[in-house]
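These notes are about the structure you will find just below.
The values are calculated or read from the model by the stated rules, or taken from the named source; none is laboratory data. Source: prediction; values computed, not measured. All Cβ positions, even for glycine, are placed from backbone atoms using ideal geometry, and neighbour counts span all protein chains on display.
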Amino acid sequence: MSCILRQLLTLSSFPQCAGEENWVDSRTIYVGHREPPPGTEAYIPQRYPDNRIVSSKYTFWNFIPKNLFEQFRRIANFYFLIIFLVQLIIDTPTSPVTSGLPLFFVITVTAIKQGYEDWLRHKADNAMNQCPVHFIQHGKLVRKQSRKLRVGDIVMVKENETFPCDLIFLSSSRGDGTCHVTTASLDGESSHKTHHAVQDTKGFHTEEEIEGLHATVECEQPQPDLYKFVGRINVYNDLNDPVVRPLGSENLLLRGATLKNTEKIFGVAIYTGMETKMALNYQSKSQKRSAVEKSMNVFLIVYLCILISKALINTVLKYVWQSEPFRDEPWYNQKTESERQRNLFLRAFTDFLAFMVLFNYIIPVSMYVTVEMQKFLGSYFITWDEDMFDEDTGEGPLVNTSDLNEELGQVEYVFTDKTGTLTENNMEFKECCIEGHVYVPHVVCNGQVVPDSSGIDMIDSSPGVSSREREELFFRALCLCHTVQVKDDDNMDGPRMSPDSGKSCVYISSSPDEVALVEGVQRGLAVTRIQYCADQGGFRNCPHFFFRFELLEILSFDSVRRRMSVIVKSATGEIYLFCKGADSSIFPRVIEGKVDQIRSRVERNAVEGLRTLCVAYKRLIPEEYEGICKLLQATKVALQDREKKLAEAYEQIEKDLILLGATAVEDRLQEKAADTIEALQKAGIKVWVLTGDKMETAAATCYACKLFRRNTQLLELTTKKIEEQSLHDVLFELSKTVLRCSGSLTRDNFSGLSADMQDYGLIIDGAALSLIMKPREDGSSSNYRELFLEICRNCSAVLCCRMAPLQKAQIVKLIKLSKEHPITLAIGDGANDVSMILEAHVGHPPWASVIGKEGRQAARNSDYAIPKFKHLKKMLLVHGHFYYIRISELVQYFFYKNVCFIFPQFLYQFFCGFSQQTLYDTAYLTLYNISFTSLPILLYSLMEQHVSIDTLKRDPSLYRDIAKNALLRWRVFIYWTFLGLFDALVFFFGAYFMFENTTVTNNGQIFGNWTFGMLVFTVMVFTVTLKLALDTHYWTWINHFVIWGSLLFYIVFSLLWGGIIWPFLNYQRMYYVFIQMLSSGPAWLAVVLLVTVSLLPDVLKKVLCRQLWPTATERVQAKNQCLSVEQSTIFMLSQTSSSLSF
Amino acid sequence: MTWSATARGAHQPDNTAFTQQRLPAWQPLLSASIALPLFFCAGLAFIGLGLGLYCSSNGIRELEHDYTGSSDAGNCSECAAATEGGAPPPNCSCAWYFSLPELFQGPVYLYYELTNFYQNNRRYGVSRDDAQLSGLAGALRNPTDECAPYRYSAAGLPVAPCGAIANSLFNDSFSVWHQRETGGPYVEVPLDRTGIAWWTDYHVKFRNPPLVNGSLALAFEGTAPPPNWHRPVYELSTDPNNTGFINQDFVVWMRTAALPTFRKLYARIRQGNYSAGLPRGAYLVNITYNYPVSAFGGHKLIIFSSISWMGGKNPFLGIAYLVVGSLCILMGFVMLVVYILYQDQDEDDDDDD
């Protein structure tokens, strides 16, 4: 107690000198709304929000204005709104309906969708806000709705209930003041975490008692980091000075988490409603734009320029042409008085706007809708994919965002985590090495676990007496130094049954290594139960030997230190510090022990791909412990920089250790990991492995999964090498090696991938990376980065080991922002990969994650989640390839068909005195993009398979054909645009020469301008649809139905539209126009001729390119064609026998 | 809007051909081996069609005469000169003499052609009231805004038919006279002025307003004719089935042309001795010259044309078919060469693999 009081004194003096601004950022809460006793500092009362969660965006009243505002913030919608308004205001060639109706349709559909989603959110909010919560009021338990909860209220939560707001844990029904919590719905970690009540309040077990609590809580203002919390509690009692206790995240119970294994707890609300950490974390993901979308926007801008220049050209020509008065106002077409008096510039401006309106269809309103529909519907094919369904876990792939589907076909770099992603993360205790003697568990017998023959066999000669002691200490360390919990309940989710079936106890830990170690020790030493009985002081015992230890401190694991320690007191009163961690973090702190022997063993194990941990200990004398205790207490109550101070304190404590030994745990490779990596590399994707493991382990894994092959020349950029030479020299030497071959590489580039090309693999470790990344005073750091990137670019595989999570993110960022802006994909399974994944997220690359054992945090933060690493192959090579092919055709085709649509209008202006006369009727203008030509391309973009799925899987190199946005390059875009222009010229001048000065019917009657437009339109609809049919490589019955159906629909619609005098129209210009046209023989012949001529160049180009410069894809297509002829009968048979059905 | 496919169940997916993207499908490939025969077949078919079309277009005779009267010595130039000042003098008439050495194979259709006349001007094209023309009584007296400035007459009466199109109705008229022998009398060739408009336009789209006391004139009471007209709409013809809004000349004129140079059907010659065509001999076309075209630099032409199944004389379609057909054949040969040359290389490549 005295120690605490002394701490308090230093503390209370500290904040004042730390300055006022620190207090502005904190809040003070009166527990149970009881004022602190007079004499304490007067706090300015703050207003806190109530406990209402509002995730909905709209209310009933603001829905329409707010939703409309948000929708019109999109450039495309705004553009169409402007067009619509222009049509309303000035005299334009087309009625406002033509642009208003589609816009209205798009806006309405979106509004309905968003309104529905918001209604669902309202419902969920209401359910959450109205769920009953137990409060303590005047010593009694009261039930109230959750939304009425206020900061400072004392809340009781029962088992399996979720916490209604962020609470400071005051007391629990468990005597030791702990409770178990699962945060599955917050961060996806399904493991049970232990939280601790405040020391001085954990005795208050009943409502009455808790009513008597008199305390204030000071804590920081809410911040979104789930794992950070700093505060302190002042407990006042009548007799003594107030007691100050530090509060950390272990005292904080987060809203959204669920209470487990604990009957009930009491807590005081500190953050409520929208200030809870959950609500602060709830934010919609930022809009991610794929490369395709970026290309699309660039193309749109090009088309906008075309549109504006078209309108400008026409306006200028109009006034040049009209300069002769008899053209401006011939006697047969006089103007009204008001028209004559209008200002010339105003007239020219309205003419310009009118031309804009006339040509505005070149930017199709329906493209956005179609693209989004395609992405939304298309992503279902991923979730539906049976091949990517994992039977073991019952998990299928998850698509969290469908915006990036096509980006999966564009990936150039894959960053993968090792543990749990490449490997199973299913650890097995392999051996341990104590004092240089190797022990292996004697349980594996012909691959079978023999339950009886437990025990650890020694390989080496029997150890001496001192070793015996060390051995005992070693196993004690393993038993004690961990954070594993024992679950009594067998029916927990995600349990890990101990193979010792006699007594079923389940170990749960956030780290699978620890579970493997504890299980290994349990099996080996026939320890039946390792229990962490949390009692007053905390005990750990091993009942078989009945060792009892009092747990004094846990210096918990973190990825920077890469070790953890416990301080325990044995029954005999000796105090030990056991430390366990990565060899690199243990060896430097060791002063005694057989370091060399153990080091060599560790290295050998690492080369075999085993995960190694070193164990060390030190005996503490009570005085030392006292000092440690003080040190820790001081740091734990600190409000500022607690993390940093804690790290410093740990650094100070964990030193002068005595090395005991090392353990080795095997983590098997995931099935088909090697196959997948090989396929990805063949596809031209660079695979980088980023891992926290040591170099030897990681390299062994890389060899096992064929990231490095026998002929791969390894380049090392490691701390060891940099110690020998300077970083500068190493980098230059490596780049020289690499560039020497890249000279020949560029020469080979055209011939594709020559198999004999020298492969380079780079190994870099965290320390070397931070040296490269470190900005230098003379500003030459960018040089190193460039050099490093240059080396990386020429390496087929890169292994980054000893990476801290943040460094993983740094690497991804470095590559992502390099000058080619490659598309990167990060894949990982655990919380330590999230930062890398989030980094990859910033610059629009997609990132995927494996649904792994380390919880689902990565899965929830990812764009795509797949059950196993092997599914990445199908995800990228098949789905990604398909989506890319589909969407790029969709985009190009949309522009093409609108060039076809609008360019004849432009040409017509030259023949109608630039009077903005439309070529097509309003209905056709409106429906062209909405119904006549919309469905075939949508279906194409959902169904197209230019090569079969099996071929894509078999031949990964096809992925290279679409690399670097190949189908949306300028060359391709210009080809499509020119094709559109050519077609438009054919339509227009074909019809022009048909109608020039003659009749085309056998009764001598003459057609008018609407028949002219109708002919152009008919030819256009057929051409555009057949062009798509030519591009379709995969004709299912649905394709047939939609393509021929949409042509049929066009004909039926035209017959109907022209066949009836529509009473609601004030003009009847289309009456019988279509039918009259069909009655003319030459019109039919013209349609056939013009459609053929329009399609001819494309057919010719396709055939010649296929013959002269076939791409890999086209070769495969041709080869399959030959095969399918031979195999068709067999295929038919297998079709009938397979279980496929509609 | 963003459609996000969130939180879809991780349940076992359905194993259907559709969800697994394995629907049975036809997978055609546009390779040279398919395209080659296609090109040759299409080329041959097109050449055949083109020849047929070209011949049938060549079989059609056309006789045209520019009677604008600005350049040539024809006596229409007097009328043209008279119109120079503005409105043409009433009933100025002129004639066009021509002779046919042989039978002009029928049936013969008489067209007039105007050049540089922008019937497809947007403001001109909308300047009409379809409701009025369909005989709605309400619309008759309340023409639509688009008709302005030909909506109300100077006296404030609603114009019927309103609008620029109706106002500018072509009002030249022609009569054809045939002289069998030199020196013989000119016999008028009967012109069939019916059936020149679309059947649907004449019978459905254009309707006279309901008669008042059996009189069309009374039905139009309270309306004014378009300013350029010399007579009201109900006096366009004496035939009750060809007057008012359903006057065929009017209906034909109201179908606006697609291009600034256009023809409109004036009459069919198919009666009596002339049903087989125009026999040889001298002819005279008497033209009542009313319509001013010089003001906008236009020309007026009169055309006799015979008609085949494919309409009037138009070599375009035949030539286009011939050209495209030959192009197909040519490309077919190019492709054949390429196919033969690169076939071997392809196989070599396959062997390499």
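Only one of A:1016, A:1052, A:986, A:1000 is more than 7 Å from every other protein chain (Cβ to nearest Cβ) and touching a Ser or Thr at 6+ places or on another chain (Cβ under 6 Å). Can you tell me which?
Working: A:1016 fails: touching a Ser or Thr at 6+ places or on another chain (Cβ under 6 Å); A:1052 fails: touching a Ser or Thr at 6+ places or on another chain (Cβ under 6 Å); A:1000 fails: more than 7 Å from every other protein chain (Cβ to nearest Cβ).
That would be A:986, the only listed residue that is more than 7 Å from every other protein chain (Cβ to nearest Cβ) and touching a Ser or Thr at 6+ places or on another chain (Cβ under 6 Å).
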Requiring at least 2 residues that are touching a residue at least 12 places away in the same chain (Cβ under 8 Å), the helices (runs of 4 or more DSSP H) wholly within the stretch A:258-347 are A:277-281, A:291-321
Scanning the stretch A:102-114 for residues that are loosely packed, with under 15 Cβ neighbours inside 10 Å, within 12 Å of another protein chain (Cβ to nearest Cβ) and over 15 Å from residue A:370 (Cβ atoms) gives A:108, A:112, A:113
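Within the stretch A:294-344, take every residue that is more than 12 Å from chain B (Cβ to nearest Cβ) and more than 24 Å from residue A:79 (Cβ to Cβ) and give me the one that is nearest to the chain's Cα centre (by Cα).
The qualifying residue nearest to the chain's Cα centre (by Cα) is A:317.
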Given (1) farther than 27 Å from residue B:107 by Cα; (2) facing chain A (nearest Cβ under 9 Å); (3) at pLDDT below 90, residue B:352 misses just (2)
Residue in the stretch B:307-324 that is within 10 Å of chain A (Cβ to nearest Cβ), in contact with a His (Cβ under 7 Å, 6 or more places away or on another chain), assigned to a strand (DSSP E or B) and at negative phi present: no
Only unsatisfied item for residue A:1046, checking (1) within 30 Å of residue B:38 (Cα to Cα); (2) at the interface with chain B (Cβ under 8 Å from one of its Cβ atoms); (3) buried (at least 17 other Cβ atoms within 10 Å of the Cβ), is (2)
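With within 11 Å of chain B (Cβ to nearest Cβ) and surrounded by fewer than 23 Cβ atoms within 10 Å (Cβ to Cβ) as the only criterion, which of A:1006, A:1038 stands out?
Numbers: A:1006 fails: surrounded by fewer than 23 Cβ atoms within 10 Å (Cβ to Cβ).
After ruling out the rest, the residue left standing is A:1038.
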Check your understanding: Can residue A:1096 be described as under 46 Å from the mean Cα position of the chain (by Cα), assigned to a helix (DSSP H, G or I), touching a residue at least 24 places away in the same chain (Cβ under 8 Å) and farther than 30 Å from residue B:197 by Cα?
Key -> no
Residue B:228 vs (1) away from chain A (no Cβ under 14 Å); (2) at pLDDT below 90: all pass except (1)
Note on the stretch A:656-698: residues surrounded by fewer than 23 Cβ atoms within 10 Å (Cβ to Cβ) and of a type in the set (S, T, N, Q) are A:670, A:681
| task | Report yes if residue A:1075 is in contact (Cβ under 8 Å) with a residue 60 or more places away in the chain, part of a helix (DSSP H, G or I) and on the phi < 0 side of the Ramachandran plot, otherwise no. | result | no
Checked against (1) surrounded by fewer than 21 Cβ atoms within 10 Å (Cβ to Cβ); (2) over 20 Å from residue A:787 (Cβ atoms); (3) not β-branched (Val, Ile, Thr), residue A:702 satisfies every condition except (1)
Quick count over the stretch A:746-774, residues being modelled with pLDDT under 65 and not basic (Lys, Arg), is 11
Looking across the stretch A:390-421 at residues that are among the hydrophobic types (A, V, I, L, M, F, W, C) and modelled with pLDDT under 80, the single one that is surrounded by the most Cβ atoms within 10 Å (Cβ to Cβ) is A:404
Would the stretch A:327-337 turn up any residue that is aromatic (Phe, Trp, Tyr) and surrounded by 21 or more Cβ atoms within 10 Å (Cβ to Cβ)? yes
Within the stretch A:263-281, residues polar (S, T, N, Q) and under 21 Å from the mean Cα position of the chain (by Cα) come out as A:281
Residue B:212 passes all but one of the listed conditions (1) touching a Leu at 6+ places or on another chain (Cβ under 6 Å); (2) surrounded by fewer than 18 Cβ atoms within 10 Å (Cβ to Cβ); (3) within 13 Å of chain A (Cβ to nearest Cβ); the exception is number (3)
Inside the stretch A:1078-1092, the number of residues satisfying the requirement of being under 22 Å from residue B:330 (Cα atoms) and more than 7 Å from every other protein chain (Cβ to nearest Cβ) is 3
Picked from the stretch B:175-200 (must be outside any strand (DSSP E or B) and more than 30 Å from residue A:1059 (Cα to Cα)), the residue farthest from the other protein chains (Cβ to nearest Cβ) is B:183
Next item on the list: With the condition kept exactly as written, say whether any residue in the stretch A:370-379 is touching a strand residue (DSSP E or B) at 6+ places or on another chain (Cβ under 9 Å) and surrounded by 21 or more Cβ atoms within 10 Å (Cβ to Cβ).
Entry: yes
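Based on what the data block shows, is residue A:661 assigned to a strand (DSSP E or B) and modelled with pLDDT of 80 or more?
So residue A:661 passes the test.
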Of the conditions (1) of a type in the set (S, T, N, Q); (2) farther than 30 Å from residue A:943 by Cβ; (3) at pLDDT below 80, the single one that residue A:360 does not satisfy is (3)
Can you confirm whether residue A:630 is modelled with pLDDT of 80 or more, part of a helix (DSSP H, G or I) and over 28 Å from the mean Cα position of the chain (by Cα)?
yes
Scanning the stretch B:248-292 for residues that are part of a helix (DSSP H, G or I) and more than 11 Å from chain A (Cβ to nearest Cβ), the one nearest to residue B:194 (Cα to Cα) turns out to be B:249
Taking the stretch A:909-931 and keeping only residues that are of a type in the set (Ser, Thr, Tyr), more than 12 Å from chain B (Cβ to nearest Cβ) and under 18 Å from residue A:1066 (Cα atoms), one is left with A:920, A:924, A:926
message: Any residue at all in the stretch A:1093-1108 that's more than 7 Å from every other protein chain (Cβ to nearest Cβ), surrounded by fewer than 12 Cβ atoms within 10 Å (Cβ to Cβ), under 24 Å from residue A:980 (Cα atoms) and modelled with pLDDT of 80 or more?
response: no
Checked against (1) closer than 23 Å to residue A:942 by Cβ; (2) surrounded by fewer than 20 Cβ atoms within 10 Å (Cβ to Cβ); (3) away from chain B (no Cβ under 13 Å), residue A:1021 satisfies every condition except (2)
Within the stretch A:208-265, the residues that are over 23 Å from residue A:50 (Cβ atoms), among the charged types (D, E, K, R) and buried (at least 20 other Cβ atoms within 10 Å of the Cβ) are A:232, A:245
